Structure formats: C-alpha cells, structure tokens
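Novice: Attaching a single structure in structure tokens format; questions to follow.
The values are calculated or read from the model by the stated rules, or taken from the named source; none is laboratory data. Everything numeric here is computed off the predicted structure, so don't read it as measured data. All Cβ positions, glycine included, derive from the backbone under ideal geometry; neighbour counts span all protein chains shown. When the accessible area is computed, the model is the full protein with side chains, heavy atoms only, and any ligands, DNA or RNA have been set aside. Shrake-Rupley method; radii C 1.70, N 1.55, O 1.52, S 1.80 Å.
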Amino acid sequence: MSSNLQFSSSSGEPRVTTLALLDGQDLKVLIEAALTWLKTNQETVNALNVYPVPDGDTGTNMLLTMQAAFNEIQNSGEQNIGKMAHAIAQGALLGARGNSGVILSQLWRGFARALDNLEKMDAQILVNALKEASVTSYKGVIRPVEGTILTVAKDISIVAENSNAKTNDILQILDYIVAEADLSVQRTPELLPDLKKAGVVDAGGKGLFYLFEGMLRFLKGQPLEAAEVSVKPLSAMDLDKIREKIEPGQDFEWVIDFQPIGELDSNKFSDGLKKIGTSIQIGEGDGMYRMHIHVPTQNRDLPLDYVSKLGTILNWTGENLVAQMEKAKIDLEPVSPGQIGVVVVSPGLGISKIFASLHVSSIVEGGQTMNPSTEEIVRAFENLPTDKIIILPNNKNIILAAQAATTVTLKKVIVVPSKSVPQGLSAMLRLDKDGDLDYIVADMTKALQDAETGEVTVATRSVEINGVHVEAGQVIALLNGDLVEAASTLDEACLGLLEKANTADRERITLFYGENISRNEVNRIVDKIRAVYPSPSHESALHESPKQESPSYEIEVHEGGQPHYQFIISIE
C-alpha cells in the first residue's frame, strides 16, 4: 500500500515512520517538496561559482528545470508511478536550462526508464531507478567530468544499493542517500582541481543534494521554505536584476513608495501582493517602504489600489513592459524553404542587432544568468519554413540545452558549439543560406577558432585562481573562459587582458560594451587601448612621416547591451 502523502511545506510531526511503497501521486508530492527546498536554497547554489563573476546561475537553472517538470504533473491525478515519472522526465527535458538543468533532465529520463510502466515503486525498484538515472546522465555527456553532479548521482546510486541490503524501508534508504550526497558534494573539490582552487564545492551536485534533502525533510515533517518575500533595506533592492528577463504574464511594472498607517505587517502585505502579481521586492528605510511588482494586464491598477489602502503613496512609477518588449523587436531576414536557417542565442539587444545584420533567422534571448530552456530553443526554429537548422549557443552553458533541442524535432538540426559571442559572430561570417548544410556546419565549426574571447567584469568575492589573486570588488578579465587578470580599473583590466592574449600579433580588436557602463567611459578606455594598439589613422596622426612601418590594428566598438560584463572583447 502506498503512503497517500499530501503536500504541505509547514513543519510538524513526521508524516511517515516507514515507507514501503510509492505510487504516482506520492512521487508528485515528493517532487513538489524537492522543488520547494531547492527554491529556498537557490541563491546558495548560485553562489558556488568557480570564478568570482556575478553570473552564478546553476541554482536558477536547476530550479527552473524542476519547475518545468512539476508543471507537467501539477494537475495530474495519475496513480501509475511509471507514467508519472515519464511525465516528469518530459517536463524536465523541455524545461532544461544550462548544463546542470540538462543533466538533471537526463537523470529523470533514466529514472523514468527504469520505472517503465510500473504501478508502484518499492525499495529495490528505487535502487534500480537511481542506478539507471546515473548511467543515463553519464551517457548524455560527451566528456563526463568527475567532481560534478554526475559524481554525486553515481555515489547516491551506490549507497542506495548498499543500504537496500540492510533495509527495504524507502525512508531509511533516503536517509542514507542524503547523508552520502552531502559527503559526495564535500569531496568534489578533491576530484576537480578548479573547485579546490576556488574554495567551493560543485554547484550542480549541491543542487542535487538539496532535491533529495527536500524530500527527506518533508517526510520527517521539517520546514521547507523561508519567507518568499523579505523586507530589505532600500539600498539592497536590485530592481535592475528583476528587469533582466520579463516572463509571460508580466505586462506592467510598478514601483511604489509609501508611508504606512501605523506598523506594516510585512507578511500580510507580501501575501496580498502575491495574489496580484510576481517579481515582488519590498524595501524599507526611514519609515518609508518601496514595493516592486510585475502584474498582468487585468491587474494593471491593483497595486496602486492595494497600497493606497495601507498608507500614503509618496511616489510611484508604472511601465508597460509589453510596449518595452515591442520596441526591442528586431526585423530578421526571412528564410525560404530549402535554405539554411540559423538560430543564435544573444545576451544583449545590441549584439542581437549585429547578428540580425549577418542574416540569422531567429534570435533567442539568453546568456549568463538567463540560460534559455530546451523548449525556448525549439520554439525559435520549429516554425521556420525550412528543415535545415543550425544553432549557435554562444555560451558553454547553453550547448547541452541546444543539443537536447535537436532530439525533439523532425527537422535536421545541428549545433555548432560556439562558446561565446565572438565565436558565434565568426561562425556567422561563413554562412551561405543556399549552401550544403554539412559543408556550412564544418566551415562554421572551423571558424570558431578565428577569434579569442575576452570578458571584463567586477569580482564578487576574493579568491586566487590560475596564480591570479583577486579581491572582491576588483575588475577582473577572463580570456577564453580562464581568469587571467585582476586590476583596480577597467582600463588596466582591458589592457592586461589584451597583453595576455598576445594582441600585438593580431589584427583586429572588437569591443562590445554592456548595459552597466556609459559611452563616455567606453570612449575613455578605447582611447587608452588605441594608444597601445594604434589604428592606421591614429598612427599617421602621431607620426607624419614614420621611418619604418609600425604594426597597426583595426579597432571597432559596438553597443552590446549585455548584463554583468562591462566588455565582451573579440580578438582576431
């Protein structure tokens, strides 16, 4: 007999003391518990970045993948645990974001395959399912790396099998699993040197630990969630981060400053806001509160009405997010039947416009902290009137999701594994829409080596990696994904990066500046770069009649519009 579990995130007495069998509804409840606990610990996982850059997103990717899996089963009354597991796997596959999300979807795929069409799951079947989950996830990665979520999944499957020799109680086995997952995560730095250098454990493995721990905490009656909306100091509100990605149904944005009548019950206030909209933040300072919210069109006026009943409105701003999105739309050149259509992932509006000028057929918004899902990538090409598709992910953390998209379509879709915007742009220069698909793919893949990629941002923590000592708040530079420079100013970091890239032996430098730097500052930095790497016109201005020919460099500057990184630099 199954346990007939009912979900509740509150704490109390243990919900079960033993657990012999699970059916489909029990599995759904455990998935919701796992999702809730991962959401509570999302930022903890995000913070486990090897490099001290402000783009940790493993927790977010795993959370969105699990949310997609749960959305697939949320309203299902299916009792058959095999069918329920297959629905979870399908939801996870289409909703997979980032490498961690794709691997997580592969774990669910293997888990579901082992359950097949079984009505219920006992301890032995659980052991078999966890083993198949691990095997499938390893097969889904071309070059598996130990010290990652793969290792943690394997260790979990081994301890589950060993513990089954002692007990047939699923609850006890889950206890062993969570303890081993914790130890396995702590061991990841010993298996992956980059983690040890950075002083962190593997983020994907930690996320998997939280999923299983959430299930166990639920069964033991322990709390699963912190308050979804906390009141922060006004200075700590990060509205720009919320605005980075507008989700469906978020049509209007409100920011309202108000002075409450008497003491504000923040829990009751946040509960009221949740009924109106999403992306909620609340800040407080000097007796004044600031509230941020996104609402659908039908709730457009409700935030003002709601807040006005609680106190005096001091200031407010409202934005039509749909109109903003319409303004950001880019006209793309149509692709005809039989031609090659190219789908690119772009992290900024300016970069998207450049890709559009190179005749891409579809653009997916995405990059660090906003990895698109498999389903979003599929939607980008599924309605194109051609069955010949090339995908340029332009980010190493999006390649697996792009490859997963090729498995859920009847079209011939090939991923050219570009890891950066400069690589993607180099590949696009080889596009011939009327050419042979396999030839163009080979040519584009070869072109990935034409450009080196530099990235400049601000360090989020102190660390020493690759012999580079970094203090939190310093400007850092990465070359082809590796940390190579730490400096006190942007221009020092840029020049240090260019030196490390042996730019003196190159011909062209292209800078794409981000949304968090002014054009005046960009011009000042570019002038310093030109002084070291002069262009032909700059050189002639300095030396009216040079005695010998000096090297000259072509320097281009474009508005990229990308978040987090002041500069993305292409060196060719």
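Novice: Which of the pairs Lys166/Lys196; Lys139/Lys206; Lys412/Lys433 have their Cα atoms more than 23 Å apart in this structure?
Specialist: Lys166/Lys196
Novice: Here's a follow-up. Going highest first, how would you order 125-133, 299-307, 201-209 by mean Cβ packing within 10 Å?
Specialist: Per-residue Cβ counts within 10 Å, averaged per peptide and sorted highest first, yield 201-209, 125-133, 299-307.
Novice: Could you work out how far helix 123-139 tilts from the main Cα principal axis of the chain, as a 0 to 90 degree angle to the nearest 10?
Specialist: 10
Novice: Between the helical axis of 519-532 and the dominant principal axis of the chain, each derived from Cα atoms, what acute angle in degrees is found, rounded to the nearest 10?
Specialist: 60
Novice: Cα-based Rg of segment 103-225 per 2.2 N^0.38 Å, rounded to two decimals?
Specialist: Normalised Cα radius of gyration, segment 103-225: 1.05.
Novice: Moving to a separate point now. For Gly311, list long-range residues whose amide hydrogen, built 1.01 Å from N in the peptide plane, is under 5 Å from its own amide hydrogen.
Specialist: Counting only residues 5 or more places away or on other chains, the set is Ile261.
Novice: Please report the antiparallel percentage of DSSP beta bridges with both residues in the chain, rounded to the nearest 5.
Specialist: DSSP beta bridges in the chain are roughly 70 percent antiparallel.
Novice: Here's something else I'd like to know. Classify segment 409-449 from the C-alpha gyration tensor, please: rounded if a/c falls under 1.5, else prolate or oblate depending on whether a/b exceeds b/c.
Specialist: oblate
Novice: Select from segment 156-226 those GluC sites (Glu not before Pro) which occupy a DSSP coil region and have at most 15 other Cβ atoms within 10 Å, ordered by residue number.
Specialist: Those satisfying the criteria are Glu225.
Novice: Going through segment 408-492, which trypsin sites (Lys or Arg not before Pro) have at most 13 other Cβ atoms within 10 Å and a DSSP loop state?
Specialist: Passing both the DSSP loop test and the Cβ count: no residue.
Novice: Could you give the C-alpha radius of gyration of segment 337-447 expressed as a fraction of 2.2 N^0.38 Å, taking N as the number of residues it contains?
Specialist: Rounded to two decimals, the normalised Rg is 0.93.
Novice: Tilt of helix 203-219 relative to the longest C-alpha principal axis of the chain, in degrees (0 to 90, nearest 10)?
Specialist: Roughly 20 degrees, rounded to the nearest 10.
Novice: Which whole-Hz couplings ³J(HN,Hα) result when phi for each residue of segment 332-344 is put into the Karplus expression 6.51 cos²θ - 1.76 cosθ + 1.60, θ = phi - 60°, listed in order with x for Gly and Pro?
Specialist: These are the phi-based 3J(HN,Hα) values: 10, 5, x, 10, 9, x, x, 7, 8, x, 10, 9, 10 Hz.
Novice: Also, quick follow-up: Counting only heavy atoms of the protein chains, get the accessible area per residue of segment 337-447 (1.4 Å probe) and round it to a whole Å² value.
Specialist: Heavy-atom accessible area per residue stands at 37 Å².
Novice: Let me ask you something else. Using a 1.4 angstrom probe and counting only protein chains, how large is the accessible area of Tyr439 in Å², to 10?
Specialist: Counting only protein heavy atoms, the figure is 150 Å².
Novice: Now for a different question. With every protein chain kept in the model, how would you rank Ser352, Ser462 by accessible area, 1.4 Å probe, largest at the top?
Specialist: Ser462, Ser352
Novice: Right, something else. Taking only the alpha carbons of segment 24-220, what extent do you get along each of the three principal axes, in Å, biggest first?
Specialist: Answer, in whole Å and largest first: 47, 36, 35 Å.
Novice: In whole percent, how big is the carbon plus sulfur part of the accessible area of the chain, probe 1.4 Å, protein atoms only?
Specialist: Here carbon and sulfur together make up 49 percent of the probe-accessible area.
Novice: Right, something else. Only Lys, Arg, Asp and Glu count, each charged at its Cβ (+1, +1, -1, -1), so figure out the dipole size of segment 24-220 about its Cα centre, rounded to 20 debye.
Specialist: Here the size comes out at about 260 debye.
Novice: Do any of Lys120/Lys154; Lys131/Lys154; Lys39/Lys396; Lys329/Lys419; Lys83/Lys120; Lys28/Lys220 go past 19 Å between their Cα atoms, and which?
Specialist: Lys120/Lys154; Lys39/Lys396; Lys329/Lys419
Novice: A further question on this structure: Among DSSP beta bridges whose residues both lie in segment 337-447, state the antiparallel percentage, nearest 5.
Specialist: 5
Novice: Okay, moving on. I need the shape label for segment 94-159. Rule: rounded when a/c is under 1.5, else prolate if a/b > b/c, else oblate, with a, b, c from the alpha carbon gyration tensor.
Specialist: Oblate shape, in that a/c is at least 1.5 and b/c is the bigger or equal ratio.
Novice: Show me the trypsin sites (Lys or Arg not before Pro) within segment 133-175 that DSSP assigns to loop and that have at most 14 other Cβ atoms within 10 Å of their Cβ.
Specialist: Answer in residue order: Lys166.
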